[in-house]
1. Could you check segment 1-80 for strands (runs of 3 or more DSSP E) lying wholly inside it with 2 or more residues that are within 18 Å of residue 92 (Cβ to Cβ)?
2. Only residues that are in a strand (DSSP E or B) and either at pLDDT 90 or above or more than 16 Å from the chain's Cα centre (by Cα) (or both): list them for segment 81-95, please.
3. Taking only segment 8-43 into account, find how many residues are surrounded by fewer than 16 Cβ atoms within 10 Å (Cβ to Cβ) and within 29 Å of residue 100 (Cα to Cα).
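The values are calculated or read from the model by the stated rules, or taken from the named source; none is laboratory data. This is a predicted model, so every value here is computed, not measured. Don't worry about glycine lacking a Cβ; one is built from the backbone with ideal geometry, like all the others, and counts go over all protein chains shown.
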Amino acid sequence: MPTCEFRSVDKDGRIICKRIAEGDNEVTPNLCRECPARKANCKHLTFSLRKTVPSPIVVRYATGRVEVWNNEPPALHFRRAACEEQVIPIHSPAQCLACSVRACRVPAEVQPVPVQTGRVVHFPSPAAA
């Protein structure tokens, strides 16, 4: 997994994201993997992020028992995003993935690397008659 260019470590040892404009800028590796910009994977995307942390729910039963429900993990969303090429706003990674001028259709780590072993001679394929 390639590292994110916007993720760094501050002097206190916290992992921070430089693109989070709204909310706490501390991230975990799992949160960084779920980043909408990482899912879009396009060099034309300009964006800022918003981190949402769900607030826990305190449940008080009539018997006096108290439970804190906090099952939701933090999430990253586009605060503002736009395509530099088409000059349009982007609201979700799916919108960027559907773009026809998208330059990076396949992530670099997934692209097949041609392996050359010895001399390879390509023969033309027979034309359909």
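1. Values: elements: 7-9, 15-17, 20-22, 45-52, 57-60, 66-69.
Here the list reads 20-22, 45-52.
2. Within segment 81-95, the subset in a strand (DSSP E or B) is 81-83, 88-89.
Listed by number, the residues that qualify are 81, 82, 88, 89.
3. 6
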